[in-house]
């Protein structure tokens, strides 16, 4: 099982580094490499929701449950984001994919604002 408090602490520590995005990018794959363990830690999804694990001035970490046919309009928070995908298909609107890496990494997708 994943220790969520440790995962959050690792992300917070990585965010303080000079190359924060790269540092956090090293933390995320360790957390999502075993989807069953992460699901056990955050709970099996039963409905669409955003479970906020941390919200601060400089970092937000959340577990999102995305249901079929759920859509959001493309938007820009003018900051970088890293997304860890546990299971299911990764679909992107073409506008949302601008600047995103297309290197086949299934569980890690950088999005730049």
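The values are calculated or read from the model by the stated rules, or taken from the named source; none is laboratory data. Here the structure is a predicted model, which is why all the values come from computation and not from measurement. Please note: Cβ atoms are built from the backbone with ideal geometry, for glycine as well, and neighbour counts cover all protein chains shown.
Numbers below:
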read-out: Search result, residues across region 39-53 that are more than 12 Å from the chain's Cα centre (by Cα), in contact (Cβ under 8 Å) with a residue 24 or more places away in the chain and surrounded by 13 or more Cβ atoms within 10 Å (Cβ to Cβ); value: 39, 41, 42
read-out: Residues that are exposed (fewer than 13 other Cβ atoms within 10 Å of the Cβ) and not in a helix (DSSP H, G or I), drawn from region 1-23; value: 1, 3, 16, 17, 18, 19
read-out: Test: residue in region 3-22 that is at pLDDT below 90 and touching a helix residue (DSSP H, G or I) at 6+ places or on another chain (Cβ under 6 Å); value: no
read-out: Restricting region 54-63 to residues that are surrounded by fewer than 13 Cβ atoms within 10 Å (Cβ to Cβ) and under 15 Å from residue 4 (Cα atoms), the residue that is modelled with the lowest pLDDT; value: 62
read-out: Only listed residue being under 14 Å from residue 11 (Cα atoms), modelled with pLDDT of 85 or more and exposed (fewer than 13 other Cβ atoms within 10 Å of the Cβ), chosen from 36, 30; value: 30
read-out: Residue list for region 80-113, restricted to those being more than 25 Å from residue 33 (Cβ to Cβ) and either surrounded by 14 or more Cβ atoms within 10 Å (Cβ to Cβ) or at pLDDT 75 or above (or both); value: none
